[in-house]
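Before any comments, here is the structure.
The values are calculated or read from the model by the stated rules, or taken from the named source; none is laboratory data. Values in this document were obtained by computation on a predicted structure and should not be read as measured data. Every residue, glycine among them, receives a Cβ derived from its backbone with ideal geometry; neighbour counts consider all protein chains shown.
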Amino acid sequence: MDYVRSDRDSSGARLPLALKILIAGGFGAGKTTLVSALSEVRPLQTEEVLTSVSIGTDDLSGVEGKTTTTVAMDFGRITITEDLQVYLFGTPGQDRFWFLWDELAFGALGAVVLADTRRLADCFPSIDYFEQRGIPFVVGVNHFAGARQFGTEAVRQALDIDPQVPVVLCDARDRQSAKMVLISLVEHVARQRGEPVPVA
């Protein structure tokens, strides 16, 4: 199942089509920020403060300024038309919360894997997860101030992903930039299915 469709409810009223997209990536890659930038409603967040208990468990190298972490998911919503809504589910980044992923991934149209070039290897588990399950995904290379910048082809080669998987530069804080990543995903899914590519 790639999306949830219900044209009519029990009273015969028309119900909107809902599409589910996952926002994944390593710890501190910007998943919560991306969902917040895109959501038209105040996003549901399960952020908790990092404490001394996480020392030795959470690797903060490269993201030393991070003070919170997602422990379940982030959730946001975008209304495209009256009959089409997109639900965004941000996944937790640490390994110890991965038991939630199968539930979050069920019924997803596709996924955005956010890559942080300061910790590029952190997005390998997300890429492996979606490749193994045949879930279409794109890679969004999130820009962080002061971090060394790399082109999309350099990132593609470093991640060793298939040529047809889109790699897009983005700023997770910027709504328009984040929107372009989602458009890239929808176009990628359409191409995989042999469907007409939507006009942005």
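Take the residues in region 94-129 that are hydrophobic (A, V, I, L, M, F, W, C) and more than 15 Å from the chain's Cα centre (by Cα); name whichever of them is modelled with the lowest pLDDT.
Residues of region 94-129 that are hydrophobic (A, V, I, L, M, F, W, C), as a first pass: 97-101, 104-106, 108-109, 111-115, 120-121, 123-124, 127.
Right, trim to more than 15 Å from the chain's Cα centre (by Cα) and you get 97, 99, 120-121.
Numbers: 97: 59, 99: 69, 120: 92, 121: 93.
Selected residue: 97.
Based on this model, can you work out whether residue 70 counts as assigned to a strand (DSSP E or B) and modelled with pLDDT under 90? It is true that residue 70 is assigned to a strand (DSSP E or B) and modelled with pLDDT under 90.
Considering each of 140, 134 in turn, give the residue that is at positive phi and of a type outside the set (D, E, K, R).
The match here is 134.
Within region 108-157, if we keep just the residues that are part of a helix (DSSP H, G or I) and among the acidic types (Asp, Glu), the residue that is surrounded by the most Cβ atoms within 10 Å (Cβ to Cβ) turns out to be 122.
When the residues of region 109-136 are filtered to those that are hydrophobic (A, V, I, L, M, F, W, C) and in contact with a Ser or Thr (Cβ under 8 Å, 6 or more places away or on another chain), the one that is nearest to residue 168 (Cα to Cα) is 113. Sub-7 Å Cβ pairs linking a first residue in region 166-177 that is over 21 Å from residue 135 (Cα atoms) to a second residue that is acidic (Asp, Glu), at least 6 apart or interchain, are 177/171, ordered by first then second residue. When you look at residue 164, is it part of a loop (DSSP other than H, G, I, E, B) and farther than 17 Å from residue 74 by Cα, yes or no? Here the answer is yes, as residue 164 does meet what is asked.
Let me confirm something: among 174, 160, which residue is loosely packed, with under 12 Cβ neighbours inside 10 Å, over 19 Å from residue 190 (Cβ atoms) and of a type in the set (D, E, K, R)? Let's see the steps before the verdict.
Values: 174 fails: loosely packed, with under 12 Cβ neighbours inside 10 Å.
Step by step, each of 174, 160 is checked, and only 160 is loosely packed, with under 12 Cβ neighbours inside 10 Å, over 19 Å from residue 190 (Cβ atoms) and of a type in the set (D, E, K, R).
Could you say which residue among 163, 196 is free of Cβ contacts under 8 Å to residues at least 24 places away in the same chain and in contact with a Lys or Arg (Cβ under 8 Å, 6 or more places away or on another chain)?
Values: 196 fails: in contact with a Lys or Arg (Cβ under 8 Å, 6 or more places away or on another chain).
Result: 163 is the single residue among 163, 196 that is free of Cβ contacts under 8 Å to residues at least 24 places away in the same chain and in contact with a Lys or Arg (Cβ under 8 Å, 6 or more places away or on another chain).
Taking the conditions (1) under 24 Å from residue 38 (Cα atoms); (2) over 16 Å from the mean Cα position of the chain (by Cα) in turn, residue 168 satisfies each one other than (2). For region 38-56, the set of residues classified as modelled with pLDDT of 90 or more and among the polar types (S, T, N, Q) consists of 39 only. Close contacts from region 35-49, counting a first residue that is closer than 19 Å to residue 85 by Cβ and among the β-branched types (Val, Ile, Thr) and a second that is modelled with pLDDT of 65 or more and surrounded by 15 or more Cβ atoms within 10 Å (Cβ to Cβ), with Cβ to Cβ under 6 Å and a gap of 6+ residues or different chains, come to 35/23; 35/43; 35/74; 35/76; 35/88; 35/90; 41/77.
Within region 1-37, the residues that satisfy the criterion of being more than 22 Å from residue 189 (Cα to Cα), of a type in the set (A, V, I, L, M, F, W, C) and either at pLDDT 90 or above or in a strand (DSSP E or B) (or both) are 29, 37.
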